[in-house]
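Taking it in order: structure first as structure tokens, then the write-up.
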Amino acid sequence: MEKNENIEMITGDPKKAINKLSLPIIASMFLIFANNIIDSIWVAGLGAEPLAALGYITPLFMIMVGFGNGLGAGGNSLISRYIGAEDKHSANNAAIHNLILSVVVSIIITIIFIAFLKPLLISMGAASVIDYAMEYGLIIFAWTFGLLMPPIVGGAFRAEGDIKRATVPIALAAIINMILDPIFIYTFNMGIAGAAWATALGPFISLLLMFYWIFVKKDTYLSYNRKDFHNDLNMYKDILVVGIPASLEQLVLSVLTIFVNYMLTIVSGPVAVAVYTAGWRIVNIGMLPAIGVGTAAISVAGVAFGSRKYENLRVTARYAVKVALIASIIVCIILYVFSNQIAFIFSYSENSADLAPRIASFLQIMCLFILYVPFGASAGNVFQGVGKGTISFFLTTFREFILVLIFAYILGFTFNMGETGIYYGMLLGGGIGSLICYACIELYINKLIRSRDNAV
């Protein structure tokens, strides 16, 4: 199998590979999450109701994004394993299958969301802001293709170690959105619809850039030529074995957000949802080190598994946790100390001035959630890298849905702690679940090493 600098890197020292892959991923994800924050900031200027509407749309939007990330993870895992096994032909074929699958999924998701958007929003408790939510949501979901495809194509780029092409288009999309937000919302007086158009156009432009590299310039390591394609249903299956569970993980997180929004609506009303929407986006930025390192671990783990270098798999899991945890501690401290200053960015208008103190209180509590993420994220992504997407899904469901939701309900309602109790419950459930997840990946890797050694 011919190699280039990227392939040499991805098949070499796991620590060096994680370092090189994770930093650009974190940078591009930072721009994405910063873009979400900026969306919230500009929409907050329209008042609490449009911001709350954005909060109700966010879980559905993340479901769509989750399908993109999930299929990207599935393609990344399969391609990485073929590269680790030094099977270039199968890697090319897998990349093409991944692209075809993404087109089909885009069409299906567009039809479903547009057809059922209004009843979904009403069932989520968005009746009081339904006009704002529909105005934003219909535009977003009409552009599903452009929003779904970039993370899928980017997954193939990450598999071949071409982190530049995996991250630059995504970063470009975020920057375009940031620029267009104030222009569309206020200069063109489009309101919340302007935020939706800005969100949709950025990723579409980035997708065109990716297609230029693949189909026009044709200088990627993986080949997308027709002669490299041989229809293989097993490849679709292998992608989906990781991709569907990974997508469902985001669905679980989105459903959790829906439940949290609903519980907050009961105890404190739409304003609490607005606070959670704004504050959680800040917390999401704090999770970036863990998420970025974990995403890098998919490729590194896939190559290690494909080459049967299971010791490298252990190094990948442990090093990912170590690096992410150090960064997460630093971020947690920053968010706690500067919570008031950070919250102030959401109170620049008279319509949203009263949100800042509540957002600051939220950040001082929920910044602790960041400390648990390295353990759960690293474990889940390594499972995805070795093709065990179902295990990752069940662990995520157990951690982020069952435990978080149970403890949030118990503290918020059973112990009558209200809004604050919901947040403490989320912390407790997330912490316990993340540690259990990491214990599972350690046990799995030990089993692989023992099985290989016994076979020899």
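In the structure shown, do any of Lys322/Lys388; Lys88/Lys237; Lys217/Lys388; Lys16/Lys227 have a Cα-Cα gap over 28 Å, and if so which?
Lys217/Lys388; Lys16/Lys227
What number, in percent, do you get for the relative contact order of the chain if the mean sequence gap of Cα pairs under 8 Å and at least 6 apart is divided by its residue count? Intermediate values should be presented prior to the final figure.
Numbers: 805 pairs, mean separation 105.4, N = 456.
For the chain, the relative contact order is 23 percent.
For region 36-49, what does the Karplus curve 6.51 cos²θ - 1.76 cosθ + 1.60, with θ = phi - 60°, yield as ³J(HN,Hα) per residue in whole Hz, taken in order and with x for Gly and Pro?
Calculated HN-Hα couplings, in order: 5, 5, 5, 3, 5, 5, 5, 5, 4, x, 7, x, 5, 5 Hz.
Okay, which of region 125-145 sit inside 16 Å, backbone N to the point 7 Å along the Cα-Cβ direction of Ile112?
Only 141-145 pass the distance filter.
So how do Ile365, Ile334 line up by other beta-carbon neighbours within 10 Å, fewest first?
Least crowded to most crowded, the residues run Ile334, Ile365.
Work out, step by step, the length gained on full extension between Ile100 and Thr390: first 0.36 nm times the residue separation, then minus their alpha carbon distance; give nm to one decimal.
Numbers: separation 290, 0.36 × 290 = 104.40 nm, distance 2.24 nm.
This chain segment gains 102.2 nm when fully extended.
Give a quick list of chymotrypsin sites (Phe, Trp or Tyr not before Pro) in region 306-398 that DSSP marks as loop, anything other than H, G, I, E or B, with at most 14 other Cβ atoms within 10 Å.
Taking region 306-398 and a limit of 14 other Cβ atoms within 10 Å, the loop chymotrypsin sites (Phe, Trp or Tyr not before Pro) found are Phe338, Tyr348.
I want to check the label-to-label distance for Phe215 and Val337. Put each point 7 Å from Cα in the C-beta direction and report it in nm to one decimal.
5.0 nm
Could you compute the FRET efficiency for Asn189 and His89, with r as their C-beta to C-beta distance and R0 at 41 Å, rounded to 0.05?
0.15
Taking H as built 1.01 Å from N, whose amide H comes closer than 5 Å to the amide H of Tyr224, not counting residues under 5 places away?
Distant-sequence amide H within range of Tyr224: zero hits.
Mind listing the phi-derived Karplus ³J(HN,Hα) values for region 389-400, rounded to whole Hz, using 6.51, -1.76 and 1.60 with θ = phi - 60°, and x for any glycine or proline?
Those phi angles translate into x, 5, 4, 4, 4, 4, 5, 5, 4, 4, 6, 8 Hz.
How far apart, in nanometres, would the label points at Phe204 and Leu443 be if each is projected 7 angstrom from Cα along the Cα-to-Cβ direction?
Modelled inter-label distance: 4.8 nm.
Each residue of region 441-447 in order: what ³J(HN,Hα) in whole Hz does its phi give by Karplus 6.51 cos²θ - 1.76 cosθ + 1.60, θ = phi - 60°, with x for Gly and Pro?
So the J values, rounded to whole Hz, are 5, 5, 5, 5, 5, 4, 5.
Need the full-extension length gain, Arg452 to Glu311, defined as separation in residues times 0.36 nm minus the C-alpha distance. One decimal, nm.
Difference between extended and current length: 49.7 nm.
So what is the calculated 222 nm ellipticity per residue for the chain, using -39500 (n - 2.57) for each DSSP H run with n of 4 or more, over all residues, to the nearest 500 deg cm²/dmol?
-27500 deg cm²/dmol
Which FRET efficiency value, to the nearest 0.05, is calculated for Lys16 and Thr414 with the Förster distance at 35 angstrom and r the Cβ-Cβ distance?
The formula returns an efficiency of 0.10 here.
Compute the length gained on full extension between Ile406 and Val267: take 0.36 nm times their separation in residues and subtract their Cα-Cα distance, giving the result in nm to one decimal.
Extending this stretch completely gives an extra 48.4 nm.
Name the shape class, rounded, prolate or oblate, that the alpha-carbon gyration tensor gives for region 241-319, where a ≥ b ≥ c are the square roots of its eigenvalues, rounded holds for a/c under 1.5, and otherwise prolate holds if a/b is larger than b/c and oblate otherwise.
It is prolate, given that a/c is not under 1.5 and a/b is the larger ratio.
Every read-out reported here was derived from the displayed coordinates using simple, explicitly stated rules and does not represent laboratory data. The model shown is predicted, which means the values in this text are computed figures rather than measured ones. Note: ideal-geometry Cβ built from the backbone for every residue, glycine included; neighbour counts use all protein chains shown.
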